Amino acid sequence: MAGAGAEDAGGVAVSIPSARTDEEARALLPASALRADDEARALLPADDDDEDLEERAYDAAEKVIVSISDGADPEDEDVEAALCLASGAAPPFSWRKLWLFTGPGFLMSIAFLDPGNLEGDLQAGAAAGDTLLWLLMWATAMGLLVQLLAARLGVATGRHLAELCRDEYPDWARRALWLMAEVAMVGADIQEVIGSAIAIKILSRGYLPLWAGVVITALDCFIFLSLENYGVRKLEGVFAFLIATMAISFAWMFTDTRPNGKDLLIGILVPKLSSRTIRQAVGVVGCVIMPHNVFLHSALVQSRKIDQNKEYQVREALRYYSIESTIALAVSFMINLFVTTVFAKGFYGSKEAGNIGLENAGQYLQEKFGGGGFPILYIWGIGLLAAGQSSTITGTYAGQFIMGGFLNLRLKKWIRALITRSFAIVPTVIVALYFNASDSALDALNEWLNVLQSIQIPFALIPLITLVSKEQVMGVFKIGPNTQAVTWTVATLLITINVYLLMDFFSSEIQGPLSGSLLCVAVLVYASFVLYLILRGTELSEKIVKAIHKILS
């Protein structure tokens with residue numbers, strides 16, 4: 001190679017001999033080109049180089065080392081694990097190693113505890129009592145299955161879902177999937193930020209209006225994310241504190257209200273569903289799977305240093321991540337159960353049951369259960385604030401991975417966080433100013449946002465199941481036929497439930513022939529894209545393509 005070329009601001013090419021060092025090459029560049037080069041480098045990660053220009057969820061220096069060899073050679077631990085694998089036995093379980101892997105699953109579980117989920121819990125409890133607790137348990141189990149697949153994809157490939165979609169699908173489909181993921185992200189973020197702002201309004205006794213809470217949430221999100229500069233474990237520690245705060249707050253409410261233990265046990269173990277509670281049932285299932293959370297978990301598991309070329313390391317990571325995710329979602333189930341049973345005890349069968357939403361729930365609790373040693377209104381506010389803050393941070397985190405993965409953006413994380421935040425904060429401030437004094441309007445907005453996210457679910461689930469089933473992507477870690485059948489059944493069930501929710505919602509909201517016609521066109525385009533994602537690469541799709549070509553020719 002004779003040399004490398006560079007252009008100055010005026011478009012003049014400058015030849016740089018390849019044998020020179022970077023410093024010598026830069027010395028030959030005009031001042032304008034040097035300034036442009038420095039500005040570009042300032043936006044890139046510090047360890048960016050020409051050999052690896054692809055975006056990565058975590059740089060090598062950021063990853064947590066999971067070896068527990070006390071002063072000994074870590075290779076000895078690897079050899080022992082490899083020998084166990086070769087003999088067909090699993091390496092001995094280690095609590096210390098589980099602790100080192102603990103973190104990503106709890107960050108993932110935040111999406112099961114965001115303000116949108118809490119609102120679904122309280123409305124299910126108020127409208128259906130304890131009768132839908134069994135459905136909450138099974139919905140959480142379905143969510144766990146989906147998240148385990150996301151973790152499996154990230155660990156086995158060393159890449160997250162957004163990155164793999166970028167390579168798997170043609171350009172038009174990739175851009176469509178990115179747009180859907182961003183829309184779902186913004187919808188979820190608005191709910192999370194509004195939930196946090198409502199909590200700030202409660203705890204400030206109404207002194208801080210909704211829009212002020214939105215601004216505070218936007219700013220403190222960056223403060224929390226800055227902890228990542230001190231190590232991934234520091235940020236995970238913040239989330240552990242926020243989850244503990246939620247657990248203590250809602251458990252306190254649970255013990256204060258003294259729900260009936262027998263009704264609680266029957267609600268968990270005995271499936272019951274009536275025509276009057278079908279909408280709440282659909283809401284319980286529909287709000288469990290968050291599209292952005294699938295992208296998030298597949299990236300979070302890469303925060304541990306795993307060599308994808310060593311099968312025993314991958315298997316060990318999958319083992320510990322499975323245990324950690326199960327524990328995390330068991331904790332989230334208990335928190336959701338606390339909220340549901342508190343509102344079931346207080347408002348099931350009452351005239352207020354149909355009017356309770358996130359905005360007025362605290363006041364209703366205060367009127368029903370009184371002050372006590374510490375007013376229940378503020379206990380609710382503290383738990384809601386922890387839910388809103390934690391889900392807002394993970395939402396921003398997910399937005400970085402989605403944008404960087406689909407678009408292959410090599411930007412510093414604070415730049416991506418700023419862009420991601422801007423997508424949601426501007427519309428959220430507008431929403432807060434418009435809906436500041438209207439409880440019913442906020443509830444209506446939440447319904448629309450739930451629908452918006454429900455629409456996006458197939459565009460995360462279908463690519464996930466498709467990729468995790470492909471040997472070219474997963475190698476020996478692809479899921480087998482039985483697991484594929486189970487996962488496609490769960491995906492079909494979730495999509496069907498959300499279709500029911502959408503049809504029920506739009507049948508009451510859409511009126512007039514023009515609106516109906518536009519909805520029909522949108523549904524046709526939507527269904528066609530979903531079918532494309534399902535059938536792409538199958539024999540049936542190839543036959544359809546050949547038939548279309550034959551007709552057109």
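The values are calculated or read from the model by the stated rules, or taken from the named source; none is laboratory data. These numbers were taken from a predicted model, which means no experiment stands behind them. Every residue, glycine among them, receives a Cβ derived from its backbone with ideal geometry; neighbour counts consider all protein chains shown. Keep in mind that these areas ignore ligands, DNA and RNA; they rest on the heavy atoms of the full protein, side chains included. Shrake-Rupley method; radii C 1.70, N 1.55, O 1.52, S 1.80 Å.
Quick notes on this structure:
- Label sites at residue 248 and residue 527, each approximated as a point 7 angstrom past Cα along Cα to Cβ, lie 5.2 nm apart.
- 1.4 Å probe accessible area per residue over the range 216-309, in Å²: 47
- Gain on full extension, evaluated as 0.36 nm per residue between residue 167 and residue 255 minus their Cα-Cα distance, stands at 26.6 nm.
- The length gained on full extension between residue 61 and residue 503, counted as 0.36 nm times the residue separation minus their Cα-Cα distance, comes to 154.3 nm.
- In the structure shown, the pairs 272/351; 272/478; 234/345; 97/262; 305/470; 97/234 are assessed against 28 Å; a Cα-Cα span above that value is assigned to 272/478; 234/345; 97/262.
- Trypsin sites (Lys or Arg not before Pro) within the range 290-367: DSSP coil, no more than 14 neighbouring Cβ in 10 Å: 310, 351
- Residue 233 versus residue 100: modelled label distance in nm, points set 7 Å from Cα along the beta carbon direction: 1.0
- With Cα atoms defining each centre, the range 219-295 and the range 303-340 are spaced 17 Å apart in the structure.
- When the alpha carbon coordinates of the range 120-243 are projected onto the principal axes, the ranges are 51, 43, 33 Å, largest first.
- At 0.692 mPa s and 37 °C, Stokes diffusion of the range 271-347 via Kirkwood alpha-carbon radius, µm² per second: 209
- In nm, spacing of pseudo-spin labels at residue 226 and residue 323 (7 Å Cα→C-beta vector): 3.7
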